[in-house]
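Novice: The structure under discussion is supplied below as structure tokens; questions concerning it will follow.
What follows is calculated from the coordinates using simple rules that are stated; it is not laboratory data. Just so it is clear, the structure is predicted and the values come from calculations on it, not from any experiment. So basically every Cβ, Gly included, is an ideal-geometry build from the backbone, and we count neighbours across all protein chains shown.
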Amino acid sequence: MDKMIRIKNFLLLSLVAVTLSVVGCNDNDDVPKGESVVTLDTYELNIDGGGGDIPIFYGVENGLRGVRPNATVNVDWMSIKEVTNHSIVVSIKPSDINEERYGIVTVSYKNMAKNVRVFVTQDKQLLNKFSFEVLQKNYNSCTIKYKPTEKGRTFMANIIDAEYFRQSGISDLTQFIANEMASYRTLAERNQLTLEELLTSRINPQLIYKEEVVRTFENMQPGASYVVYAYGVSFNGNEYTVTIPMHQYLLEIPMPELYDVSFDVSVWLQEGYADISISPKNWSGYYVVQLIPETSFYYVPKGERLSDTSLRAMSNDFYKQARQAVQGGVTVDAFLKGSCQQGNRSIKVSIDSNTRYMIAIFAVESKNGSIPVMCSMPYIAYM
């Protein structure tokens, strides 16, 4: 027999703008089924004398929902800047001595018997050859001024998603430069150019400079962390020499402004499927409807708040889907029309009659043709 459910009093969710990633949690927030285990992307850091803010990415197995690791240091030239839902950011002061120095970052976690440690080696004192100034940043772009202290020496000025370091496992900046130059050398060979020709005159956008430069980066991922970096480099055909060690700055991209958008939703449940009727109340643009089973990380039992991790991950997943489509040749307008909803809609979806589901609805928009982003706090309903 058909059954109609009228969904009322949706839960309006709040946003806390911090950098996040998915961390495994138990269904029971307070009583873990076993000992928690924290794993790090690296257990050894080799830092140049210039110091900086260095992210250590982590994951938690059998973790407690909403509980982050605790981190401490054993020397006064290091401090813990912040612990986000996916990284521990260690602030390291510039060295003021003419020899290497050593420190330890100790990471602990509730219900974890043994702490884990990261051994830090900082090179001897380094005269700061570069500084960075953030002229502007919003949820999808930033403008950075790269300022060398020595004019006339060629240098690389660029930015990279901090996720690269976690996925690649690279913590040594010398290795990072070697990998980067190897990639550019391969690109040069494909175009029958030398590495020097490619990087100093052919590549667009320009990467190699000799004087202070302002660069604007578009289509940044909302809520993501990026590493702004510069290093001195000279070329001789296909060979390169690093003339100034790599300097870096960790940049946090904010989430977009989230509008207060409401919906009326009705659900007809039948054996094996559901008809979902949606009417936006104060939104004429596009929106996304997600049917989330109770087995999903994103599912939140009725009466509980959607976690910051889930909210940010939901936003990032949509952005990555949109970016992949646009980079594959789909226009922004075609993506929105093909992957999103607009106006009053009725959607028929297959369901497992023995599974509970959460419906999440959020508005999306593209400004000036940019990659679309989540732009409203999700409304949550259940069936």
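Novice: Taking Rh as the Kirkwood radius computed over C-alpha pairs, what is the Stokes-Einstein D of the chain at 4 °C in a medium of viscosity 1.567 mPa s, expressed in µm² per second?
Specialist: D = 55 µm²/s.
Novice: With the Cα gyration tensor of the stretch 328-383 in hand, convert its eigenvalues to equivalent ellipsoid semi-axes via √(5λ) and list them largest first in whole Å.
Specialist: On the way: eigenvalues 142, 40, 20 Å².
For the stretch 328-383, the ellipsoid semi-axes come out as 27, 14, 10 Å.
Novice: Would you look at the GNM of the chain, springs on alpha carbons closer than 10 Å, and say which of Ser346, Ser310, Ser141 moves the most?
Specialist: Fluctuation is largest for Ser346.
Novice: State which helices in the chain qualify, where a helix is a whole DSSP H run, it must extend 18 Å or more along its own axis by its Cα atoms, and its mean Kyte-Doolittle hydropathy must be at least 0.0.
Specialist: Both cut-offs are met by no helix.
Novice: Quick check: net charge around Thr72, other residues with Cβ under 14 Å of its Cβ, Lys/Arg +1 and Asp/Glu -1?
Specialist: In short, +1.
Novice: Using Cα-only point scatterers and the Debye equation, what is log10 of I(q)/I(0) for the stretch 20-125 at each q in 0.19, 0.22, 0.24 Å⁻¹, rounded to two decimals?
Specialist: -0.88, -1.09, -1.24
Novice: When Arg153, Arg312 are ordered from fewest to most other Cβ atoms inside 10 Å of their Cβ, what list results?
Specialist: Lowest to highest Cβ neighbour count: Arg153, Arg312.
Novice: While we're on this one: What dipole magnitude, in Debye to the nearest 20, does the stretch 127-254 give about its Cα centre under +1 on Lys/Arg Cβ and -1 on Asp/Glu Cβ?
Specialist: 220 debye
Novice: Size of the stretch 127-254 along its principal axes in angstrom, Cα-based, largest extent first?
Specialist: Computed over the stretch 127-254, the largest-to-smallest principal extents equal 40, 32, 27 Å.
Novice: Among Lys93/Lys124; Lys337/Lys367; Lys81/Lys110; Lys81/Lys320; Lys81/Lys210, which pairs are too far apart, with a Cα-Cα distance over 22 Å? Before the final figure, lay out each step's value.
Specialist: Details: Lys93/Lys124 12 Å; Lys337/Lys367 15 Å; Lys81/Lys110 20 Å; Lys81/Lys320 28 Å; Lys81/Lys210 33 Å.
Checking Cα-Cα distances, Lys81/Lys320; Lys81/Lys210 exceed 22 Å.
Novice: On to the next question. Roughly how many Å is it from the Cα centre of the stretch 91-166 to that of the stretch 69-87, as a whole number?
Specialist: Each part reduced to its Cα centre gives a spacing of 14 Å.
Novice: Related question: How far is it, in nm, from the label point at Ser183 to the one at Asp161 when both lie 7 Å from their Cα along the line to the Cβ?
Specialist: Each label point is offset 7 Å from its Cα along the Cβ direction, giving 1.1 nm.
Novice: Same structure, new question: Tell me the relative contact order for the chain as a rounded percent, counting alpha carbon contacts under 8 Å between residues six or more apart. Present the calculation step by step, with values, prior to reporting the outcome.
Specialist: Values: 830 pairs, mean separation 68.5, N = 383.
Reported relative contact order: 18 percent.
Novice: If you don't mind, there's one more thing I want to ask. Which number do you get for Rg(Cα) / (2.2 N^0.38 Å) in the stretch 242-346?
Specialist: Its radius of gyration relative to the 2.2 N^0.38 Å reference: 1.44.
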